[in-house]
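Chemist: What follows is a structure written as structure tokens; I'll ask about it next.
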Amino acid sequence: MPKILVIDDESSIRNTLKDILEYEKYETVLAEDGFEALEKMDQGPFDVILCDVKMPKMDGIELLDKIKELDPDTTVVMISGHGTIDTAVEAIKKGAFDFIAKPLDLNRLLITIRNAMDKTKLVSETRVLKRKVSKTYDMIGESEAIRKIKEMIKRVAGTDARIFITGENGTGKELVARWLHELSNRAKGPFIEGNCAAIPSELIESELFGHEKGSFTSAVKQKKGNFELASGGTIFLDEIGDMSLAAQAKVLRTLQENKITRVGGEKEIPVDVRVVAATNKYIQKEIEKGNFREDLYHRLSVILIHVPTLNERKGDIPLLADHFLQEVLHEQSMPPKSFTGEAFDELKKIHWTGNIRELRNVVERLAILCDKQITGDDVKQFAQPLSAIKK
């Protein structure tokens with residue numbers, strides 16, 4: 001339900017607006033002055049704010065400045081019974097969505113609120129799209145292990161050398177691959193990811209190399225594979241240790257000849273890709289078991305990068321936790337929050353079986369469930385709920 005904050009020093013106006021807006025299915029919160037309004041905003045975001053201009057303690061224009069400092073994208077509609085053209089112009093210049101004079105015209109008010117809601121929705125969608133489009137990838141941490149990985153990436157990113165990344169689930173292997181791509185000469189080209197463990201073995205060749213129409217029952221049209229789609233850029237073969245031997249043979253041929261043949265096709269198609277592969281398995285054991293081709297491993301492993309577990313870099317936990325907290329607060333449009341030193345200490349005591357991925361989930365949980373200061377007791381209570389259930 002859309003949430004609206006009404007700020008007005010006259011109780012009759014506040015209560016009337018509340019009745020009208022709740023009838024129109026808006027959740028409505030009231031504040032009688034600017035200070036109370038700021039307290040209400042600390043408790044969560046509002047889709048639209050209706051703000052009177054003339055109020056005691058803090059007038060509406062001053063409050064508008066403070067609201068815009070907290071969140072420039074907040075949609076504020078100014079209302080006033082003492083409005084002048086100059087006041088209206090000043091409010092709009094400072095970022096107000098609209099200015100409505102009292103006595104309020106109900107139809108105009110509701111239309112303005114609907115338009116303001118549309119603007120809020122567009123701003124939210126634009127923010128999400130911008131994060132997706134402009135998202136940069138970086139490795140957070142100052143531990144020796146991370147410092148060495150960063151140095152290695154910077155050294156090899158500008159080459160076309162194939163990279164083989166190892167590490168447990170959730171350690172950030174994909175992040176390393178994306179950073180390699182962004183720092184490479186192929187950064188303007190595509191980054192195509194294929195999770196070899198998630199693709200059924202009977203479909204993996206079609207996913208990687210494409211297929212021709214009619215090559216199998218469900219092949220109703222021609223399809224380009226990941227190698228073709230990644231041409232000019234980077235292909236990331238995640239969890240390559242789970243790839244079938246038949247697909248491994250075709251990948252090996254592709255690496256040798258820089259050409260692919262679609263499933264059901266005969267034409268050889270040249271591809272220009274940089275290959276980055278990753279696995280959470282002990283690849284030497286897989287080779288010994290006959291599950292992974294040794295010649296393919298040697299083709300892929302020109303450069304080896306091992307990503308440490310979070311338990312091996314616990315000194316980085318405060319940096320990572322704070323980074324994830326700010327990320328979550330921004331994504332969820334939540335008020336500012338922070339960790340205490342005791343909270344960081346408790347996070348360091350945890351044995352992280354899910355590594356960075358698990359830490360990120362825990363931080364999101366703490367951000368949602370805790371107050372402004374996330375304490376050590378909060379971490380004990382919420383960080384490992386399964387442990388609490390077992391007890």
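Values quoted throughout were computed directly from the atomic coordinates according to the rules given, and no laboratory measurement underlies them. Here the structure is a predicted model, which is why all the values come from computation and not from measurement. Every residue, glycine among them, receives a Cβ derived from its backbone with ideal geometry; neighbour counts consider all protein chains shown.
Chemist: Pairs Lys57/Lys372; Lys224/Lys289; Lys40/Lys348; Lys68/Lys314; Lys289/Lys348: which exceed 29 Å Cα-Cα?
Modeler: Distance filter (> 29 Å) returns Lys224/Lys289; Lys40/Lys348; Lys68/Lys314; Lys289/Lys348.
Chemist: Okay, next question. Could you tell me whether the range 155-289 comes out rounded, prolate or oblate from its Cα gyration tensor? Rule is a ≥ b ≥ c as square roots of the eigenvalues, rounded for a/c under 1.5, then prolate if a/b exceeds b/c, otherwise oblate.
Modeler: oblate
Chemist: Next up: From the P(r) of the range 3-133, can you give the percent of Cα pairs sitting at distances over 26 Å?
Modeler: 15 percent
Chemist: Going highest first, how would you order 249-255, 157-163 by mean Cβ packing within 10 Å?
Modeler: Most protected by this proxy first, the peptides run 249-255, 157-163.
Chemist: Just how large is the dipole of the range 271-362 about the Cα centre, in debye to the nearest 20, putting +1 at every Lys and Arg Cβ and -1 at every Asp and Glu Cβ?
Modeler: 240 debye
Chemist: Rounded to the nearest 20 Debye, what is the dipole magnitude of the chain about its Cα centre when Lys and Arg each give +1 and Asp and Glu each give -1 at the C-beta?
Modeler: So the magnitude is around 1680 debye.
Chemist: Right, next: Checking the table Lys150/Lys337; Lys349/Lys380; Lys3/Lys121; Lys173/Lys259; Lys223/Lys259; Lys18/Lys66 against a 18 Å threshold on Cα-Cα, which pairs fail?
Modeler: Too far apart for the 18 Å limit: Lys150/Lys337; Lys173/Lys259; Lys18/Lys66.
Chemist: In nm, to one decimal, how far is the Asn311 label point from the Ile269 one, both placed 7 Å along Cα→Cβ?
Modeler: Label at Asn311, label at Ile269, 4.4 nm between them.
Chemist: How charged is the neighbourhood of Ala187? Take every other residue with its Cβ under 12 Å from the Cβ of Ala187, and add Lys/Arg as +1 and Asp/Glu as -1.
Modeler: In short, +3.
Chemist: Taking 0.36 nm per intervening residue step and subtracting the Cα-Cα distance, what contour gain separates Glu202 from Leu369 on full extension?
Modeler: Working it through step by step, the gained length comes to 55.7 nm.
Chemist: Another question, if that's okay. Once fully extended, how much extra length lies between Asp377 and Glu342, figured as 0.36 nm per residue of separation less the alpha-carbon to alpha-carbon distance?
Modeler: Here the answer is 11.8 nm.
Chemist: Using only Cα atoms, find the angle between the long axis of helix 355-369 and the longest principal axis of the chain, and express it within 0 to 90 degrees, rounded to the nearest 10.
Modeler: Helix 355-369 sits roughly 10 degrees off the main axis of the chain.
Chemist: If you wrap a convex hull around the C-alpha atoms of the chain and split its volume per residue, what is the figure in Å³?
Modeler: Spelled out: Cα convex hull of the chain, divided by residues, is 216 Å³.
Chemist: Take the alpha carbon atoms of the range 1-43, find their center, do the same for the range 236-311, and report the distance between the two centers in whole angstrom.
Modeler: Cα centroid to Cα centroid, the span is 59 Å.
Chemist: I want the local charge near Lys154. Using Cβ-Cβ distances under 14 Å, sum +1 for each Lys or Arg and -1 for each Asp or Glu among the other residues.
Modeler: Neighbour charge sum, excluding Lys154 itself: +1.
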